[in-house]
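All remarks here apply to the structure that follows.
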Amino acid sequence: MRKCLLLISLLLAFALPPAFASSHGEAEEEFDMAEFLFGHVGDSYDWHVTTIRGHHISIPLPVIVFGKINGPAVFMSNKLSHGEIYKGYFIPEEGENAGKVVEADAEGNELRPIDISITKNVFALMVNAVLLVWLILSCAGWYKKHDVLTEAPTGVAGLMEPVIEMIENDVVKPNVGDEYRRFSPYLLTVFFFILINNLMGIVPFFPGGANVTGNIAVTLVLALFTFAMVNLFGNKHYYKEVFWPDVPLFLKAIPIMPLIEFVGLFTKPFSLMVRLFANILAGHLMVLSIVAIVFITAKMGPVLNGSLSAVAVAFGVFIDCLEILVAFIQAYVFTTLSAVFIGMAHPKHH
Amino acid sequence: MDLIIPSSGLLFWMVLIFGIVFFILAKFGFPVITAMIGKRTSYINQSLEDARKAKEELEGMTQTCNKMLEQTYRQQAEILDQAQKTANEMLENAVQQARKESDMLIASAKVEIQAQKQEAINEVRNSIVDIALAASAKILRSQLEDKNLRDSMMEAVLQEVDNCNNKV
């Protein structure tokens, strides 16, 4: 086994570099690490699928903007490629709005229109959402068609049931408490939504690979939903503990404790937001950094490039496996903490 | 910096998409599944409970069965014992009876034999007497034909009678 690995890495050392040299050679410009990393984890107006011999293959996505000057416009993003101007909208390559659709006023200032384009992340969200809905509904369909008392679940139901049951029994029930039935659909939705987006983010090719849950806007919305679930359905004991907690009067007269408790309302979802965002983003950056080793060492000669590529591939596989684990753990943690916060908003009167 | 500033477009779409997904799944997805799983869970729990009860019942029945079996064995042994005893007694009685009867038979046979024997002896004795008489008559007749002898005998008898008279 060890000999085999050694042989493969040696073979790679001599076989790979010429291949890279021919495609990466003179025509390509200097490898830009920052652009490589942030281009992949960031959002964009089109979906870059691959590059073959310097020719970019990308899927154009619809741009939807409402500008003050040029009015509303809907068009495909390939109309704006290479700095072209379409209906007064363009994407500047430099400046504070670099990479974003803007319009120019009379003085030539760049103005951001209201921009609800179907970007790469939005598109990935839609794909993943459809996938998730299909998965869960076909699972529910199985239960409608089969007699649950005599048949063991098969197919999608067999895949989903243990996970659903685990979340319901081990996460929702113990943390939320008596009223868990009201909240379990939300918590299950959150879990599977995060899980499927995390997992699809690890898939390195279209339609996966979008950094959806590593985007702060996505995690912000998820955290806001949890915030709403916690605070809209909190009972009066919960609000009493927030605004008039059981502490000595002087801590309430100068409202130190209520203030702290009130701030606490927002730090909880904030921590949810940042935790998910940072974990998934870090995972993407790690995988990308390791893949980048291949390109960084391309000009360092065949031996170094080949051997480091082999190491990068091996380590990349390892990190990807780790990311699969993280994808699950982060979905689990987000759900668990949401359940805990919801449970805290339903204290029993004591 | 772009990474930590949420973009408004994505926020809008995320709220919309997540809202729709949440609505669909919370209405048509998870409640169906969890209700069915709950149904099965309670069914399985019920079945387990039933099985436990059935097992207990079975255990009770097995115990009763064993007890009955034991009792039966005991009774069987008793009956066999009793039968053995009765048989022995009957055998003993029969043997005694037989012995008694045979004794009686033997005794009566002996008496009979004795009687027969006596009779035979008597008969033999009678015939011997007859034979002796006949023989002696024949002898006497033949001897009395001889005169000398008859005289001597007469003499002898007379002598004898004389002797007897002398003695008296």
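Computed values, structure above
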item	result
Value of Rg to Rh for the stretch A:191-300 (Rh from inverse mean 1/r over Cα pairs, i.e. Kirkwood)	1.23
B:E59-A:F318 FRET efficiency (beta carbon distance; Förster radius 51 Å; 0.05 resolution)	0.35
Whole-angstrom Cα spans of the stretch A:222-269 along principal axes, big to small	37, 20, 10
Shape call, the stretch A:120-344: gyration tensor on alpha carbons, a/c limit 1.5	oblate
Kirkwood hydrodynamic radius over Cα pairs of the stretch A:110-190, then Stokes diffusion coefficient at 20 °C and 1.002 mPa s, in µm²/s	140 µm²/s
Taking B:D151, A:D46 and counting other C-beta atoms within 10 Å, the order from fewest to most	B:D151, A:D46
Which listed pairs, of A:K68/A:K100; A:K145/B:K27; B:K138/B:K167; B:K147/B:K167; B:K117/B:K138, have C-alpha distances above 24 Å, in listed order	B:K138/B:K167; B:K147/B:K167; B:K117/B:K138
Distant alpha-carbon pairs in the stretch A:278-350 (separation over 13 angstrom), percent	72 percent
Under 28 Å from the Cα of A:K252 - lysines, other chains or at least 8 residues apart	A:K236, A:K240, A:K268, A:K348
Cα Rg, Dmax, the stretch A:96-233, angstrom units	19.9, 74
Cα-based Rg / Dmax (Å) for the stretch B:104-168	21.9, 65
Per-residue HN-Hα couplings for the stretch A:121-127 [Karplus 6.51, -1.76, 1.60; θ = phi - 60°; Hz; x = Gly/Pro]	5, 5, 4, 4, 4, 5, 4
Exposure proxy ranking, count of Cβ atoms within 10 Å, fewest first, for B:T41, B:T86	B:T86, B:T41
Gain in span if fully extended, B:R150 to B:D103, counting 0.36 nm per residue against the direct Cα distance	10.7 nm
Equivalent ellipsoid semi-axes, the protein assembly as shown, via Cα gyration tensor eigenvalues times 5, rooted, Å	130, 36, 21
Proxy reagent accessibility, fewest Cβ within 10 Å first, across B:D130, B:D2	B:D130, B:D2
Percent RCO, i.e. relative contact order, over chain A, from Cα pairs under 8 Å lying at least 6 residues apart	21 percent
³J(HN,Hα) computed for each position of the stretch A:136-146 - Karplus, 6.51 cos²θ - 1.76 cosθ + 1.60, integer Hz, glycine/proline x	6, 5, 5, 5, 5, x, 4, 5, 6, 8, 10
Kirkwood hydrodynamic radius (C-alpha pairs) into Stokes-Einstein, the stretch B:29-167, 25 °C and 0.890 mPa s, D in µm²/s	89 µm²/s
Cα-based Rg of the stretch A:62-115 normalised by 2.2 N^0.38 Å, two decimals	1.00
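Where a number appears in this text, it was derived from the coordinates with a stated rule and is not lab data. Every value quoted in this text rests on a predicted model; they were computed, and no experiment measured them. All Cβ positions, glycine included, derive from the backbone under ideal geometry; neighbour counts span all protein chains shown.
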